[in-house]
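S.K.: If you scroll down you'll find the structure; I have some questions about it.
None of the figures in this text is laboratory data; all of them are computed from the coordinates on show. Model, not experiment: these values are computed from the prediction. Using ideal geometry, Cβ is built from the backbone for each residue, glycine included, and neighbour counts are taken over all protein chains shown.
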């Protein structure tokens, strides 16, 4: 600061000395040539204006006093005397001083505006360069050290630190002497921008809309307070771009993994179908052999039954894989829902005798546009879910009811109720309830597939928690072709 003041004072001294010589030369020439006072005043004003443009007010004031003295001594009566005969002649001194002050202030203001414009121009250039280099970075680099290096090199900082709120990670490029990382983290926690001029620190919170996404800190900048808010906006955009890339990469990886898993399930199901069909044909031939003993014939029948069961499970696995992999396009036809539900329940009960089933139809006949294979799969998934999670030897209640243009097939089991916070998630793919995931085997796909089939038919699948601790009801709702007509309930 002292060096700058010395240089500024030295410059004003040299300018004042040159102007003093100019005043002396004009005075000598004007006196020898006998110029009148009005001409001399104009010449002196010219020197004072030039001095005010080149120097500060102090030097201009000295020149104004010198010019007023020379004017009074050499050109105003009495000549060669500082005596003032006319009091109005003293007005020249004040005019000279006023002109020096006004011109100096105008020059000073222009200088300040010029410096501000130059600083703004430099910030715009830095902003453009930062934006250009950030755009050249790949998406996986834009949220890391490479982006920090761009900010540090372009802005001339000793260190740059970036805190990413989405990952709670903090990165630093350069060498910090004043714990820049911790100050950046604290700025995010308190949500407040900070400047420490003594340490050359400046920290800005990063926001996207109303959400705060992180903070960026600079150390060693020439003027921390001059940082444009646009740099913080660029940093916030870089964080948002990195976060978007991470989410997209995660979703892409999940989609690819799911496609591979579905392809494997599909392939395995096909591979199982062929040997199962062969075994079933062979065992059928063995059963028809007349030389078999009764106990051997019974064992062959058991093998055939289990092979048929395994074949059905494989078919379900194959259908489930296809339902997950493809957008469902059901082949709809008019279907009487009551006998259809009874057939599915009867078939399922024939192969699963751990529980008893009560089927109740609250309507005689209800037709709905449906794909029989897909609807069969959805009902089978609901029955399978009910049998898995119901209490031993309990009853599974299946009911069909028509109302308000929709037919609802409800499957109720007497198992453990589902926690309220899991009621929505229970239909997510691969999700299984916390209470049963370690007690009963499963994939978490059944309800997801059933709901997807319901949606493809223009219907819905919902969960109704029954009496707490007494079980749940899953209701499959489909649009009707006719109104169904309410009749007496019939149990089967």
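S.K.: Roughly how many whole Å is it from the C-alpha centroid of segment 149-185 to that of segment 233-255?
M.R.: 20 Å
S.K.: Starting from 0.36 nm per residue, how many nanometres of slack lie between residue 192 and residue 169 once their C-alpha separation is accounted for? Kindly include the intermediate steps, with their values, before the conclusion.
M.R.: Details: separation 23, 0.36 × 23 = 8.28 nm, distance 1.89 nm.
Taking 0.36 nm per residue and subtracting the Cα distance, the gain is 6.4 nm.
S.K.: Next question. Want the number for residue 133 to residue 281: 0.36 nm per residue separation, take away the alpha-carbon distance, what's left?
M.R.: Working: separation 148, 0.36 × 148 = 53.28 nm, distance 6.97 nm.
That pair, residue 133 and residue 281, stretches by 46.3 nm at full extension.
S.K.: I would also like to ask the following. Based on the Kirkwood radius over alpha-carbon pairs, what value in µm²/s does the Stokes-Einstein equation return for the translational diffusion coefficient of segment 121-161 at 25 °C and 0.890 mPa s?
M.R.: Numbers: Rh = 10.3 Å.
Estimated diffusion coefficient is 237 µm²/s.
S.K.: Another question, if that's okay. Ordered by packing density, taken as the mean number of other Cβ atoms within 10 Å over each peptide's residues, highest first, how do 105-114, 155-164 rank? Before the final figure, lay out each step's value.
M.R.: Values: 105-114: 11.5, 155-164: 22.1.
Top to bottom by mean Cβ count within 10 Å: 155-164, 105-114.
S.K.: Please give the contour-minus-distance gain from residue 422 to residue 102: 0.36 nm per residue of separation, less the Cα-Cα distance, rounded to one decimal in nm.
M.R.: Details: separation 320, 0.36 × 320 = 115.20 nm, distance 7.82 nm.
107.4 nm is the gain from fully extending residue 422 to residue 102.
S.K.: Under 8 Å for C-alpha pairs, at least 6 residues apart: give me the relative contact order for segment 138-248, rounded to a whole percent. Mind dumping the intermediate values first?
M.R.: On the way: 210 pairs, mean separation 31.5, N = 111.
Reported relative contact order: 28 percent.
S.K.: Would you mind getting the Kirkwood hydrodynamic radius of segment 138-248 from its Cα pairs, rounded to one decimal in Å?
M.R.: Working: mean 1/r = 0.0738 Å⁻¹.
About 13.5 Å for segment 138-248.
S.K.: Between residue 395 and residue 364, what FRET efficiency follows from the Cβ-Cβ distance if R0 is 30 Å, with the result rounded to 0.05? Walk me through the intermediate numbers first.
M.R.: Details: r = 24 Å, r/R0 = 0.79.
FRET efficiency, residue 395 to residue 364: 0.80.
S.K.: While we're on this one: When each pair of different Cα atoms in segment 146-198 is counted once in the 1/r mean, what is the Kirkwood radius in angstroms, to one decimal? If you can, show how the numbers build up before the last one.
M.R.: Values: mean 1/r = 0.0854 Å⁻¹.
One over the average 1/r among Cα pairs gives 11.7 Å for segment 146-198.
S.K.: Distance in nm between label sites at residue 288 and residue 119, each 7 Å beyond Cα in the beta-carbon direction?
M.R.: The modelled label-to-label distance comes out at 10.0 nm.
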